[in-house]
Amino acid sequence: MFKKLEDLSKPTLLSKTGVKELKQSFNDYYPFFKEIEDEVFPKKANIQSFKLRSEYKVEIVQVDKDYICFTKEDLVIPHLKLVHKFPDLLIKQQVDLGAIKHILSGSDVLAPGLISQGGQLNTAQKGQVVAIYGEGKENAMGIGIMNANSDEIKKDPKGHAIQLLHHLGDALWQLSFK
């Protein structure tokens with residue numbers, strides 16, 4: 001999804017209402033967020049957003065100098081660095097060693113990589129945002145949306161199980177180091 005970020009708009013400060021709506025969206029989607037809300041959004045922080053001019057209608061949110069999330073349509077998705085800092089924010093799905101290189105290249109997660117030896121498919125619903133881990137790796141390597149619920153994937157382990165949205169090394173990840 002984030003191959004190039006050349007079409008980023010200039011930053012726009014979020015209004016108090018915009019920040020309140022963003023926090024509410026985080027709380028709606030991620031129950032653990034309530035515990036870390038003040039750490040992610042400190043008082044008197046400079047919170048701004050960048051719009052990505054593309055067919056995806058994506059907005060990237062920055063708090064002070066840290067990118068914390070992006071929005072895709074009405075869905076708020078945490079940045080991978082936020083998931084590294086707060087690993088309990090998302091449900092963890094683990095792929096086997098063979099899938100790691102494909103995910104780091106931007107491929108979706110296929111069902112066989114989750115249910116084979118080395119993979120771990122945790123309970124999740126269709127449309128839920130999850131963190132993608134690699135076998136033997138400590139930190140998440142990607143964030144995606146479940147294409148089916150975990151029970152359906154276990155019954156029929158074929159096809160794209162998780163749509164990859166953001167991964168280590170993509171343009172959004174690179175942007176966080178500039």
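The values are calculated or read from the model by the stated rules, or taken from the named source; none is laboratory data. Values in this document were obtained by computation on a predicted structure and should not be read as measured data. Neighbour counts are summed over all protein chains in view; Cβ atoms, including those assigned to glycine, are modelled from backbone coordinates with ideal geometry. The accessibility values were calculated without ligands, DNA or RNA, using every heavy atom of the protein model including side chains. Shrake-Rupley method; radii C 1.70, N 1.55, O 1.52, S 1.80 Å.
Mind jotting down the distance between the C-alpha centroids of the range 113-178 and the range 37-102, whole Å?
Value for the Cα centre distance between the two parts: 15 Å.
Let me know the shape class of the chain, please: from the alpha-carbon gyration tensor, a ≥ b ≥ c as square roots of the eigenvalues, rounded when a/c is under 1.5, otherwise prolate if a/b is greater than b/c, or oblate.
Values: a/c = 1.96, a/b = 1.64, b/c = 1.20.
Judged from the Cα gyration tensor, the chain comes out prolate (a/c at least 1.5, a/b above b/c).
Give me the one-decimal nm value for the distance between modelled label points at D66 and K20, 7 Å along each residue's Cα-to-Cβ direction.
2.4 nm
Suppose R0 equals 25 Å. What FRET efficiency, 1/(1 + (r/R0)^6) with r the Cβ-Cβ distance, do Q48 and K101 give to the nearest 0.05?
Values: r = 35 Å, r/R0 = 1.39.
So the FRET efficiency works out to roughly 0.10.
Counting Lys +1, Arg +1, Asp -1, Glu -1, what net charge surrounds G127 among other residues with beta carbon under 15 Å of its beta carbon? Intermediate results must be reported in sequence, preceding the final value.
On the way: positive: K72, K126; negative: D28, E73, D74, D108, D151, E152.
Taking every Cβ under 15 Å from that of G127, the sum is -4.
Per DSSP H run of n ≥ 4, the term is -39500 (n - 2.57); total these for the chain, divide by its residue number, and report the mean residue ellipticity at 222 nm rounded to 500 deg cm²/dmol.
Numbers: 7 runs with 52 residues, N = 178.
Calculated mean residue ellipticity at 222 nm is -7500 deg cm²/dmol.
Rank G106, G136, G127 by mean-square fluctuation in a GNM of the chain with C-alpha springs under 10 angstrom and give only the top-ranked residue.
G136
Pulled fully out, how much extra length does the chain show between E39 and Q125, if you take 0.36 nm times their separation in residues and subtract their Cα-Cα distance? Mind dumping the intermediate values first?
Working: separation 86, 0.36 × 86 = 30.96 nm, distance 2.78 nm.
Net length gain for the segment: 28.2 nm.
Taking 8 Å as the Cα distance limit and 6 or more residues as the minimum spacing, I'd like the relative contact order of the chain as a percentage. Mind dumping the intermediate values first?
Working: 330 pairs, mean separation 34.9, N = 178.
Relative contact order here is 20 percent.
Just to confirm, what accessible area per residue do you get for the chain at 1.4 Å probe, in whole Å²?
Working: 9950 Å² over 178 residues.
Solvent-accessible surface per residue comes out at 56 Å².
Could you tally the net charge around H102, taking each other residue with its Cβ under 12 Å from the Cβ of H102, Lys/Arg +1 and Asp/Glu -1? Mind showing how you got there, number by number?
Numbers: positive: K101; negative: D96, D108.
Net of charged neighbours comes to -1.
So how strong a dipole does the chain carry about its Cα centre when Lys and Arg Cβ are +1 and Asp and Glu Cβ are -1, to the nearest 20 debye?
440 debye
Taking loop as defined by DSSP and a crowding limit of 16 other beta carbons within 10 Å, which trypsin sites (Lys or Arg not before Pro) in the range 49-99 fit? Don't skip to the answer; put the middle values down first.
Working: sites: K51, R53, K57, K65, K72, K81, K85, K92; in loops: R53, K57, K65.
Within the range 49-99, the qualifying trypsin sites (Lys or Arg not before Pro) (loop, at most 16 other Cβ atoms within 10 Å) are R53, K57, K65.
With N set to the residue count of the range 71-142, report its C-alpha Rg divided by 2.2 N^0.38 Å to two decimal places.
Working: Rg = 11.9 Å, N = 72, 2.2 N^0.38 = 11.2 Å.
After normalising by residue count via 2.2 N^0.38 Å, the value is 1.07.
I want the local charge near M146. Using Cβ-Cβ distances under 12 Å, sum +1 for each Lys or Arg and -1 for each Asp or Glu among the other residues.
-2
Counting other Cβ atoms within 10 Å of each Cβ, which GluC sites (Glu not before Pro) in the range 102-176 have at most 15 and sit in a DSSP loop?
Filter output for the range 102-176: E138.
Normalised by the number of residues in the range 62-165, what is the relative contact order in percent for Cα pairs under 8 Å and 6+ residues apart? Please report the intermediate quantities before stating the final value.
Details: 200 pairs, mean separation 27.2, N = 104.
The value is 26 percent.
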